[in-house]
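Chemist: Quick one: the structure is below, and I'll ask about it shortly.
The values are calculated or read from the model by the stated rules, or taken from the named source; none is laboratory data. This structure is a prediction, so every number in the text was calculated from the model and none was measured. When we count neighbours, we look across all protein chains shown, and the Cβ atoms used for this are built from the backbone with ideal geometry, even at glycine. For accessibility, only protein heavy atoms count, side chains too; no ligands or nucleic acids. Shrake-Rupley method; radii C 1.70, N 1.55, O 1.52, S 1.80 Å.
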Amino acid sequence: MRKKESKKIAIIVFTIVLFLVVSFLTIYQTQIYQGKIWSYLGTSDDRFHMMRIEGLYHSLQRHQFFPILNMSFMNGFGYIVNIFYSDFMLYPAAFLRLMGLTSAQTLIGYYLFMNFLTLGVSFLCFYKVSHKYLNSLVFSFVYTLSTYRLYDLVFRHDIGEVAAFVFLPVVLLGIYEIFYGNRKQWLYLAFGMTGIVYSHAITPMLVAILIIIVAGCQYQELKINPKRLLSLLWATIVSALLTAAYFLPALEQVWHTKFILTQTKGTLPNGASNFADVTNWSLNNMIGQPNVGLIVILAAIVILVSATKIKNSAVKHFSIIGIILLLCSTKLFPWEFFDQTPLKMMQYPWRLDMIVTILLAVFIASDPLNIFSSKLAKAGLMFFVVLFALSSEYQLVNNSPLQLITHEEYNQLYPYSIGKGQEYLPQGTSLSALERASHKPKVISGKAKLSGFKQYGTRLSFDFKNAHKTKIDVPIIGYYGFQSTQSSGKVSELKMDKKHNNLAQVTVSGKGKVVVDYFETPTQKITRRISFLTFLIIVATLFINKLNLVDFDKIEGLRANKQSKKLNS
């Protein structure tokens, strides 16, 4: 027994150390080597996400633990990105900033954490089904070091999608259990989807597409065992309750304000790549373009040749679906017919590569054709996965050395980098005009003397006198939720000035003080409590069942019902 326990501890320690080493090697060339970071600056995804981290960090400094607006954007004019793009997975990075790390150091530490977390979660999810250590390691390596994930991680610096990679294996585990395994394990899907929703708003649509296709593949099984659909319904309901704090406040904002995101034309046809280009990029393992990489594309070829030899129905379905979605991610699919449908929220068809990667990683790790049957073959595969990842990063850095930025330069953030699409600005807002504008209250009509302007996060205040129905624009975007109720004197309700860059506007008379602040709406308050209460109930139920604190069979009412069911049967 002692030897067995020692061996178990040794394996756990070895796995943790291995994951830490791989996590470090994955970012060494692009974040650590020569003390520089490979990145596009300007209005890139990198600058956008680093500003999100910076805004959360500043909010925590002000003891605002769940900020709704990011006031670091646009030098205090504010950006309601938090409503549409949750900060959930940014807290570890914000805590690193609180510890005194610079933005560059924070990125390195955060990427190490995300790599390790993705390796660990994907390993545990695969092991839950296979109970095979080496196969689970293969899955975690192929998935975490996949070309598309590296494209997100070191090229695009899309922290939101990188975070979604952490929860995608949990989602796939839930899908497997509901449609192929133990349907009562539907909580995996509920928790996985919740994590994805709070990480990246677009990925849930990709998962929904996957679930619909899997359900179609399992149509015969669902006819025989319709309770699997009941499990899917439960997972959907619980996930909806857990994410109510995200969806309903976002819908509320869209209801009250017309945002740029609601009018953006779909980019699906223009965003699709030629199949030949995708194949070429994959075979060359390039991470400067969206593709699935050499190992995954080779797996797809193997599946096409020998799909009929795959006996496990789940692996077979996942493999075929992966190939279909791989083809759909290119111009082979007629995306122009879906340009004005809800699918346009996907933005780019190559986002399907995320789903393709995990599905074909399952095929590779499961090894249904016994290509890597020996331990040496599995170890060799993992070695080449790491080697290809490092090689692709070397190629990226070597081909674009000018993008290597010193830490000092990287730490200079750009507050007006609000995302390429500027989706969360109200329609008619000019970003360039805001950048040129002075950050102070401005009299739009009438006369008044203004003084003592102060801003602390979302709270702004200034004194006024000698005013008569004077309209004043306050230097913040007038998002729904900003109020002037704490003002003194004759101060009107706050409204959005659509003629002047959608700034917040109040009308004042006489003498007094304008105080503007953001207050949680009833929808935000209620949904946050619903989601948190749902989480507490689930955790408490799991805890009670795990420790057998309550024997439900001995509860009088339940016992009677159970006995009557037996008699009726």
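Chemist: Which one of the conditions (1) of a type outside the set (A, V, I, L, M, F, W, C); (2) in contact with a strand residue (DSSP E or B) (Cβ under 9 Å, 6 or more places away or on another chain); (3) closer than 30 Å to Gln253 by Cα does Ser430 fail to meet, given that it meets all the rest?
Modeler: Looking at each condition in turn, Ser430 falls short on (2).
Chemist: Also: When the range 167-206 is examined, which residues are found to be among the polar types (S, T, N, Q) and over 18 Å from Ser531 (Cβ atoms)?
Modeler: If the condition is that a residue be among the polar types (S, T, N, Q) and over 18 Å from Ser531 (Cβ atoms), then Asn182, Gln185, Thr203 are the ones that fit.
Chemist: Would you confirm, using the coordinates I've provided, whether Ala201 is in a helix (DSSP H, G or I), within 22 Å of the chain's Cα centre (by Cα) and either at pLDDT below 95 or surrounded by 18 or more Cβ atoms within 10 Å (Cβ to Cβ) (or both)?
Modeler: No: the conditions fail for Ala201.
Chemist: If you don't mind, another one. Please determine whether any residue of the range 36-46 is part of a helix (DSSP H, G or I), at pLDDT below 95, closer than 28 Å to Leu404 by Cα and open to solvent by less than 10 Å² (accessible area, probe 1.4 Å).
Modeler: yes
Chemist: Being touching a strand residue (DSSP E or B) at 6+ places or on another chain (Cβ under 9 Å) and of a type in the set (A, V, I, L, M, F, W, C) is the requirement here; does Phe259 meet it?
Modeler: yes
Chemist: I would also like to ask the following. Quick one: which residue in Leu332, Leu343, Leu325 is of a type outside the set (Lys, Arg) and closer than 19 Å to Ile364 by Cβ?
Modeler: The unique qualifying residue is Leu325.
Chemist: Any idea which of Val278, Val315, Val254 is in a helix (DSSP H, G or I) and open to solvent by 50 Å² or more (accessible area, probe 1.4 Å)?
Modeler: That would be Val254, the only listed residue that is in a helix (DSSP H, G or I) and open to solvent by 50 Å² or more (accessible area, probe 1.4 Å).
To keep it simple, each residue is scored yes or no on (1) open to solvent by 30 Å² or more (accessible area, probe 1.4 Å); (2) not in a strand (DSSP E or B).
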residue: Leu387; (1), (2): yes, yes
residue: Leu390; (1), (2): yes, yes
residue: Glu409; (1), (2): yes, yes
residue: Gln412; (1), (2): yes, yes
residue: Gly419; (1), (2): no, yes
residue: Lys447; (1), (2): yes, yes
residue: Asp463; (1), (2): yes, no
residue: Asp473; (1), (2): no, no
residue: Met496; (1), (2): yes, no
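Chemist: Inspect all residues belonging to the range 542-562 and state whether any of them is at pLDDT 95 or above, surrounded by fewer than 18 Cβ atoms within 10 Å (Cβ to Cβ) and of a type in the set (Phe, Trp, Tyr).
Modeler: Within the range 542-562 (the criterion being at pLDDT 95 or above, surrounded by fewer than 18 Cβ atoms within 10 Å (Cβ to Cβ) and of a type in the set (Phe, Trp, Tyr)), the answer is no, since none of the residues qualifies.
Chemist: On to the next question. So which residues in the range 104-141 are within 14 Å of Ile53 (Cα to Cα) and surrounded by 22 or more Cβ atoms within 10 Å (Cβ to Cβ), if there are any at all?
Modeler: Thr106, Leu107, Tyr110, Tyr111
Chemist: Of all residues being in a helix (DSSP H, G or I) and hydroxyl-bearing (Ser, Thr, Tyr) in the range 76-103, which is least open to solvent (accessible area, probe 1.4 Å)? Just the residue, please.
Modeler: So the first thing to find is which residues in the range 76-103 are in a helix (DSSP H, G or I), and the list is 76, 81-84, 88-98, 103.
Now drop any that are not hydroxyl-bearing (Ser, Thr, Tyr), which leaves 91, 103.
Working: Tyr91: 43, Ser103: 7 Å².
If we take residues in the range 76-103 being in a helix (DSSP H, G or I) and hydroxyl-bearing (Ser, Thr, Tyr), then Ser103 is least open to solvent (accessible area, probe 1.4 Å).
Chemist: Now, a different point. For the range 49-75, which residues satisfy the criterion of being part of a helix (DSSP H, G or I) and either among the aliphatic types (A, V, I, L, M) or open to solvent by 10 Å² or more (accessible area, probe 1.4 Å) (or both)?
Modeler: Passing the criteria: Met50, Met51, Ile53, Glu54, Leu56, Tyr57, His58, Leu60, Gln61, Met74, Asn75.
Chemist: I'd like to check something: does the range 325-332 contain any residue that is surrounded by fewer than 20 Cβ atoms within 10 Å (Cβ to Cβ), part of a helix (DSSP H, G or I) and not acidic (Asp, Glu)?
Modeler: Within the range 325-332 (the criterion being surrounded by fewer than 20 Cβ atoms within 10 Å (Cβ to Cβ), part of a helix (DSSP H, G or I) and not acidic (Asp, Glu)), the answer is yes, since at least one residue qualifies.
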